[in-house]
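Everything on this sheet refers to the single structure shown next.
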């Protein structure tokens, strides 16, 4: 690790409590590739190294949960060749990183409509989830074939089924009931959401969960994202005054 990230990490540690849960909208792969005269798949491939940077940054700083937005349901509308390249990249990432993630104590979960994956991609997903299930140092969630609106519809369907069965009264439904039906039910809501590439939108990501998350937008394109970029975002978060709608007298 270079001295600059080490210095930033020292600053993060001096501030005290880091966010428990960080989520990242990984954006800019295509732009990164275009700027270099490369095809879009080259940008996606280059972004694999940034995933490792984010994971190792979390482990070093003490972040407990990292949720990455890898592939949206809307992304299925992209050209078939790009989708095929992304699915192949998913399998390549799992084959290369599963053993290291397990050794580092990282548990991996894939969140989204996984039934749309190819059989080989679904088998790879099942394999990494099973092989890393015992990890306790970091929960790594990868949102794959994910849509926040679809996630909320799914939650409403589950609650509606309970109402229809007579086991839940409509007026008794609480925020906790909704949260319990989301893909992220096992983890606290994100404290910090990072978006790369400078775009100012949330792109149908964790719409319920981000209610009081702090947002950090960096112009850095995802393939150029490093631990230094990550620590800068953490420091920005640590300087925020989080009031959750309250004010102090």
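The values are calculated or read from the model by the stated rules, or taken from the named source; none is laboratory data. Note that this is a predicted model, so its numbers are computed, not measured. Neighbour counts are summed over all protein chains in view; Cβ atoms, including those assigned to glycine, are modelled from backbone coordinates with ideal geometry.
Here are the numbers for this structure:
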item: Flag for residue 208 being in contact (Cβ under 8 Å) with a residue 40 or more places away in the chain, at negative phi and under 14 Å from the mean Cα position of the chain (by Cα); result: no
item: Verdict on residue 63 being in contact with a strand residue (DSSP E or B) (Cβ under 8 Å, 6 or more places away or on another chain) and either surrounded by fewer than 16 Cβ atoms within 10 Å (Cβ to Cβ) or not in a loop (DSSP other than H, G, I, E, B) (or both); result: no
item: Filter result for the condition that a residue is touching a residue at least 24 places away in the same chain (Cβ under 8 Å), under 19 Å from the mean Cα position of the chain (by Cα) and outside the structural domain of residue 81 (by TED's automatic domain parsing), over 149, 102; result: 149
item: Test: residue in region 109-116 that is modelled with pLDDT of 95 or more and closer than 30 Å to residue 10 by Cα; result: yes
item: Options 38, 68; residue that is within 19 Å of residue 220 (Cα to Cα), without any contact (Cβ under 8 Å) to a residue 24 or more places away in the chain and either out of contact with any helix residue (DSSP H, G or I) (no Cβ under 9 Å at 6 or more places or on another chain) or outside any helix (DSSP H, G or I) (or both); result: 38
item: Subset of region 155-173 (residues that are farther than 21 Å from residue 21 by Cβ and surrounded by 10 or more Cβ atoms within 10 Å (Cβ to Cβ)); result: 156, 157, 158, 159, 160, 161, 162, 163, 168, 173
item: Yes/no for residue 159 being assigned to a helix (DSSP H, G or I), under 16 Å from the mean Cα position of the chain (by Cα) and not assigned by TED's automatic domain parsing to the domain that holds residue 192; result: no
item: Where residue 1 falls short, out of the listed (1) at pLDDT below 95; (2) in a helix (DSSP H, G or I); result: (2)
item: Subset tally (residues that are in contact with a helix residue (DSSP H, G or I) (Cβ under 6 Å, 6 or more places away or on another chain) and more than 23 Å from residue 187 (Cα to Cα)) for region 228-238; result: 1
item: Any chance residue 176 is buried (at least 17 other Cβ atoms within 10 Å of the Cβ) and either free of Cβ contacts under 8 Å to residues at least 12 places away in the same chain or not in a helix (DSSP H, G or I) (or both); result: no
item: Meets criteria (touching a helix residue (DSSP H, G or I) at 6+ places or on another chain (Cβ under 9 Å), within 29 Å of residue 117 (Cβ to Cβ) and part of a loop (DSSP other than H, G, I, E, B)) for residue 187; result: no
item: Residues located in region 216-246, provided they are closer than 19 Å to residue 20 by Cβ and touching a strand residue (DSSP E or B) at 6+ places or on another chain (Cβ under 6 Å); result: 216, 233, 236, 237, 240
item: Conditions (1) over 24 Å from residue 29 (Cα atoms); (2) part of a loop (DSSP other than H, G, I, E, B); (3) touching a residue at least 40 places away in the same chain (Cβ under 8 Å): number failed by residue 243; result: (3)
item: Count of region 98-124 residues which are surrounded by fewer than 20 Cβ atoms within 10 Å (Cβ to Cβ) and part of a helix (DSSP H, G or I); result: 12
